[in-house]
Amino acid sequence: MHAEFKSTESEDRYPLSQVIYRGKNGELLEVSHDRKAWNSRTPQEWKTLFAERRLSFNVADLSGVWSKRELVLPELPESDIVSLQEGWTPLFNAERLAKEIGIKNLRVKLCGNSHTGSFKDLGMTVLVSQVNHLVKNGAPIKAVACASTGDTSAALSAYCAKAGIPSIVFLPAGRISVAQLVQPIANGSIVLALDTDFDGCMKIVQDVTADKSIYLANSMNSLRIEGQKTIAYEIAQELGWKLPDTLIIPGGNLGNVSALAKGIDDLLALGLVEKKPRIIVAQSENANPFYLAYKSNFDKFEAVQAKKTLASAIQIGNPVSYPKAVQAIKNYNGIVEEVSEQELSDAAHRADKIGLYNCPHTGVALSALFKLRERGEIASDESVVVISTAHGLKFSEFKSKYHENSLEGISPKYANAILRLPADANKVKDALRRYA
Ligand SMILES: *Cc1c(COP(=O)(O)O)cnc(C)c1O
C-alpha cells in the first residue's frame, strides 16, 4: 500500500519524504492513499484485523491511530512510530441527557482523555513519527515548531520530547490556560509568548520555518489530518461498524472537521460503513468566520478579527483548512451553528451534571446540539455523537469561576455553589435538611 501528498486543487503529487506544506498556488495538500489497494482485504477481513488488534499489546496496536496503520501511513516502519497510546478514548453514553432533550441516543467521544488532554495527540503522533523517520534517514531538520492556541503546542512538545527531537512553540501571550502553558514548559520546548493573537503567531511561525530546517507542525500540515481522521474509524468500530445519524464537532482552524470527513470518506470507500452521517460544526459567536460563510452559502469567505472567547482554542479568525471544511459540510449535508458565551458555558456545565467534565469547546458543540434540537433541526429519532475535544481539567479556571459566579458577563444557570459552614455538626445537619 502506498500514500503520497496530493494537491487539493490539481493532480500534483509529492512524496511523503518531501518537506512541503502547500502546493504550487499556496493550496492545501492532502495525504492521498491508493484506495484500490485497500480492496486487497474485504470489509469483513478489515473488521477482523481491527478486532484482533484490539486484543494485542503490540505498541502500534495499542494506539487508536496506529492500529489502523495501513490507512494512515502505510509505508512508515513500525520502529519509527512515536506513540503515547493515543486514541481509544471513551465513547461516553449520555443516556440521561439524551432523554432530557428527547433524542434516540447521545454519545460523547472524549478525545481529551489522552496523554496531553486534547484530540491534538491523534494528529501529532503521525506528524512526529514521520519527522522521526525523516531525521533517522538523515534529513536536515533541527527542530519542529508550531503556533498554537494551547493544545497543539502541548501535544507537539510531548511527542517531540518522547522522540528526543527539539521543539519550539509560538503562543499568543495571555490567551491560553495555565495548564496549556505549563505543558510545553515542562516537556522542555522553547516557549515563545508573543504579543499577538493566534493568527499573528501563525504568520510569524510560517516566516521562521520558511527555510525548512525547522519543520512546521500546524494543521495545514496534512499529516496531522491522517491521525485525526481515525476519530471516525474509532466511533464506527465502537458502534459495531455504524456511524450515528449526526456528528457535532467544534471548529476553529477547521482541521478536525476536515479530518472527520476524510475518515468517513475512507470508511465508505472501504465498505466498512454504508450510511452517510450528517456533520454539524459549532463555532463561538466571537470567532465565527465559518458560520458567516455558511450563511452566505459559501459564496464568499471573509476572515474576521476573532474576539476573546472562553473557548480559547477556537479563537481563530482566518481558518487554514477552510476549503476542506466547506467540502466536508457539502458532502455530509452539514450545518454550521454559532453559540454565545452564555450558551457555551451553560451547556458545558449542564452536561457535567451527568458525569462529564466538559471543556468550553465541548460546551460549544453541546450548546449547538441543544439549540438545533429545540429548533427541530435535530429530530427525536436521531442518534448523535458529540466530539469532545479537550479534557475539562485543562480549563479549571473556566469551570471554577463558573461555579463561583465570577465569569465576566455570564449568569451561570447550573452553578453549584460550595456551602461554607462552621465545623459544627448541628449547623451541618440544619444545612443538609434543605436538600433532603
Ligand atoms: C484545536 C482545538 C479545537 C479546534 O480544532 P480545529 O481543527 O482547529 O478546528 C477545538 N477544541 C480544542 C480543545 C482544540 O484544542
For region 163-226 and region 311-325, what is the separation of their Cα centres, given in Å? 16
Report the charge-dipole magnitude of the chain in Debye, nearest 20, computed about the Cα centre from +1 at each Lys and Arg Cβ and -1 at each Asp and Glu Cβ. 800
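Quick check: from the Cα gyration tensor, does region 209-330 come out rounded (a/c under 1.5), prolate or oblate?
oblate
Hey, can you rank 234-240, 114-120, 65-71 by average C-beta count inside 10 Å, highest first? Please report the intermediate quantities before stating the final value.
On the way: 234-240: 18.6, 114-120: 26.4, 65-71: 23.6.
So the peptides 234-240, 114-120, 65-71, ranked by packing, come out 114-120, 65-71, 234-240.
Residue separation times 0.36 nm, minus the C-alpha to C-alpha distance between residue 104 and residue 78: what's the value? Please list the in-between numbers first.
Numbers: separation 26, 0.36 × 26 = 9.36 nm, distance 4.11 nm.
Difference between extended and current length: 5.3 nm.
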In the chain, if the dipole is taken from +1 on Lys/Arg beta carbons and -1 on Asp/Glu beta carbons about the Cα centre, which of 204, 166, 405 is farthest to the positive end? 405
Given charges at Cβ of Lys, Arg, Asp, Glu: region 223-324 dipole, positive-most of 296, 283, 227: 296
Could you tell me which residue out of 344, 370, 314 lies farthest along the dipole of region 286-383 toward its positive end? Charges go on the beta carbon: Lys and Arg +1, Asp and Glu -1, centred on the Cα centre. 314
Using alpha-carbon coordinates, inclination of helix 151-163 to the longest axis of the chain, degrees: 50
Dipole size in debye (nearest 20) for region 99-151 around its Cα centre, Lys and Arg Cβ +1, Asp and Glu Cβ -1? 160
Between region 329-348 and region 244-295, the Cα center-to-center distance that results, in Å: 11
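Taking the Cα centre of region 117-234 as origin, sum charge times position over the Cβ atoms of Lys and Arg (+1) and Asp and Glu (-1), and report the length of that vector in debye to the nearest 20.
Working: 9 positive and 9 negative charges, 64 e Å.
Using only the charged Cβ atoms, the result is roughly 300 debye.
Every number in this text was worked out from the coordinates using simple rules, so none of it is lab data. None of the values given here were measured: they were computed from a predicted structure. Glycine gets a Cβ as well: all are built from the backbone with ideal geometry, and neighbour counts include every protein chain shown.
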